[in-house]
Amino acid sequence: MVLKTFGWSFAVTALGLVAAVFYGGWAAFGLVAILSVLEISLSFDNAVVNAGILKKMNAFWQKIFLTIGILIAVFGMRLVFPVVIVAVSASLGPIEAVELALNDKDRYEALVTDAHASIAAFGGMFLLMIFLDFIFEDREIKWLAWLERPLAKLGKVDMLSVCVALIVLLISAVYLAPEAHTHSGAQDKAETVLLSGIAGLITYLIVGGLSGYFENKLEEDEEREHEEEEAARKSGKQVSAVALAGKAAFFMFLYLEVLDASFSFDGVIGAFAITNDIVLMALGLGIGAMYVRSLTVYLVREGTLDDYVYLEHGAHYAIGALAAILLVTIRFEINEFITGSVGVLLIGWSFWSSVRRNRALEAQGNSPGEKSESHSSAGV
């Protein structure tokens, strides 16, 4: 099972490291290895959240996620995206931006760094909305019940997550926008943060809204299918569930890709602390992205989220922490080790809480997958 799921990741790792040696020797080999570990540590929570969405898709769309999705993740976000940032921020053509990335790495890094505020605001707001929508939803199984119960009650207020996100964005634009030499320069930075954050919020509302809409339509169709199946079979007509499932899966796939893009922002920016060579960055982050994809599929196929019910909670708390870190980095620099460690610690804590819950349920003669409110505060 492990080899089948992670086989392509192992193969890409070997090819990537060999390519690094041919490109820049053993020093490049070490940099690519470090970047790979960095990407995996920063994106483990991404894999858990992805698994929660991917398990709703059929085998076909899971394969799409592993093929087309990985191309988008590796070549789109880890290679093309940094070049696009430079092209837009420096008003360069795509060819000029590529030449700059390959031939003038210091200036290329400086331009990407200058665009960090807008990148962090966009990604931070998108991830913050995911976190807020999760904690404001009333769930049968609760991890930190002392916190999640009152938040679920507050979540009954319409559009509360949007209001909170906009307040956070306003505070970030006013107090976290980088200082400039002139008042007009500082104002421009604040406007950039506001516009980028609003763009991230709108992106979440559109993509997440469409994904949720078609997912709900799919569930409604499945409920009607039992009633219509016999009549459709007698009349020779086909039920439209397949087409609807395609729409639902497509928008969930689109949501996954935007989610992955938001997670990759910190990895791409953090990679510049290690190297400004775009080729080594693409190799290292690409290898890491492959493992995130494989881990996502592994979690789905093994039913890990069903067995360890607090993992999804821990991943969303890690998302909230990452959103906060991204917004703080609009002005202050935070070490990548801290960014990666926070997510790993939260998920590790939620995993251990799930193990404790399962043991308690087994002691009572219940199944670990059974939902029990009496054990909802096992993580406290």
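Please treat every number below as a calculation from the coordinates, not as lab data. Here the structure is a predicted model, which means the values were calculated and not measured. When we count neighbours, we look across all protein chains shown, and the Cβ atoms used for this are built from the backbone with ideal geometry, even at glycine.
Applying 0.36 nm per residue to the separation of Ile167 and Ala110 and subtracting their alpha-carbon distance, the gain on full extension is 17.5 nm. Between Glu362 and Phe22, the modelled label-to-label distance comes to 4.9 nm, taking each label 7 Å out from Cα in the direction of the beta carbon. Taken along the Cα-to-beta-carbon direction at a fixed 7 Å, the label points for Asn216 and Leu160 span 1.9 nm. A full extension of the chain between Glu191 and Arg301 corresponds to an added length of 35.1 nm, given 0.36 nm per residue minus the alpha carbon distance.
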